[in-house]
1. Surrounded by fewer than 17 Cβ atoms within 10 Å (Cβ to Cβ), assigned to a strand (DSSP E or B), free of Cβ contacts under 8 Å to residues at least 40 places away in the same chain and among the small types (G, A, S), is that true of G232?
2. Between N55, N117, N75, which is closer than 26 Å to L171 by Cβ and modelled with pLDDT under 95?
3. Among the listed residues L306, L288, L240, L256, which satisfies the condition of being in contact with a Leu (Cβ under 8 Å, 6 or more places away or on another chain), over 30 Å from R190 (Cα atoms) and modelled with pLDDT of 90 or more?
4. Taking the conditions exactly as written (basic (K, R), touching a helix residue (DSSP H, G or I) at 6+ places or on another chain (Cβ under 8 Å) and either part of a strand (DSSP E or B) or at positive phi (or both)), does R67 satisfy them or not?
5. Could you please give the count of residues in region 71-130 that are of a type outside the set (F, W, Y), surrounded by 14 or more Cβ atoms within 10 Å (Cβ to Cβ) and farther than 25 Å from I39 by Cβ?
6. Answer yes or no as to whether N202 is surrounded by 13 or more Cβ atoms within 10 Å (Cβ to Cβ), under 29 Å from D130 (Cα atoms) and polar (S, T, N, Q).
7. In region 164-202, what count of residues is obtained for those that are part of a loop (DSSP other than H, G, I, E, B), within 14 Å of the chain's Cα centre (by Cα) and more than 15 Å from V57 (Cβ to Cβ)?
8. Can you name the residue in region 248-276 that is in contact with a Pro (Cβ under 8 Å, 6 or more places away or on another chain), free of Cβ contacts under 8 Å to residues at least 60 places away in the same chain and assigned to a loop (DSSP other than H, G, I, E, B) and, of all such residues, is nearest to M226 (Cα to Cα)?
Amino acid sequence: MNWQKGKQLLARITEKWPVKVLSIVAAIILFVFHRLANIQERFFPVPLQLEIGNNLVPSSSYPRNIRVTLRGDANSIYPVVEDDIEAYLDLTRYREPGSFKAAIQIRKKGTALEVENFEIIVEPMEIAIDLDTKLSKYVPIAPNLEGSPEKGYELVSYTLEPNQMVVDGPLNLISGIAELSTDAIDLQSRNEDFSVHLKIMNPNPLVVIRGDGMTEFRGFIRESIMIRSFDGIPISVTGLSGDFLTPETGFGSLRLEGAQRFVEVFEPQEDTLSVDASDITGPGVYVLPVKASVPEAFTLSRQEPLEITLRIVEAEEQDGEDQ
């Protein structure tokens, strides 16, 4: 009896079995299409964190951000914010410098821990990276000067505070850094002291500059000092009585030092070099000091001659010789 019932049940199941199989397949296909139609994707960048032992640091470039794709239905993926996904590279197992390849791993937090039924895809999936021994050292800072002060002025000195920084990084890079440079310092048309806060330029993204990465530059501007020589200056005779004259006087030279804007435009006058003959009362040969008259802003660093020999004759006598 049981056998008959089983036979009848099997007959009913297999009756029109191709139609039933097609119906089941169609249902499965509709279910899959329905699921696919509801699947959505979100893309956003996530900073890549490196987890490394204390004695090693990266010595080759690597992507600072990786592309994260969230795949699932809208109710699952859209509540997740970018900060809920952390991407990291676990390199803690490496103890010696070398070249390595490691897979990017994901750490979920916040909302990402609360929702389900979504997939996280990272691109790239793994990264090749070089590790080197970590080195730290003090490096001096040099100013990056551009332009020139106003004409007649110059930068005579400067200070930097701080004037050195501690840098950390891979041995192969840090050992080759002799100094750090500041951002550009514009000297164009300056004519007085000034100070500016400047960023210290990082020579390589794999190098870390400790502190806030800033320095204060103080520049001290002074007028440019110019030294100029003047030759062939006629020596004039002043104060000589009209009853006397000197047949010939001579020429002298000066070397002046002072602010460039004054020295470069100065030209000797008739009385720049002179001899005072007001005390002469008769003909003869006299040795008289030569006086230099220059602006107070100048420093007289050399004068020639300091004295001159003059032959003084009576005016009538000289007129007779001329006839």
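1. Yes, satisfied.
2. Answer to the check: N55.
3. Details: L306 fails: in contact with a Leu (Cβ under 8 Å, 6 or more places away or on another chain); L240 fails: in contact with a Leu (Cβ under 8 Å, 6 or more places away or on another chain); L256 fails: over 30 Å from R190 (Cα atoms).
Result of the check over L306, L288, L240, L256: L288.
4. no
5. The number of residues fulfilling the criteria is 8.
6. So N202 fits the description; yes.
7. At the first step, the residues of region 164-202 found to be part of a loop (DSSP other than H, G, I, E, B) are 175-179, 187-193, 201-202.
Among the residues that remain, those that are also within 14 Å of the chain's Cα centre (by Cα) are: 179, 201-202.
From what is left, the residues that are more than 15 Å from V57 (Cβ to Cβ) are 179, 201.
Of the residues in that region, 2 qualify.
8. F266
The values are calculated or read from the model by the stated rules, or taken from the named source; none is laboratory data. Because the structure is predicted, anything quoted here is derived from the model rather than measured. All Cβ positions, even for glycine, are placed from backbone atoms using ideal geometry, and neighbour counts span all protein chains on display.
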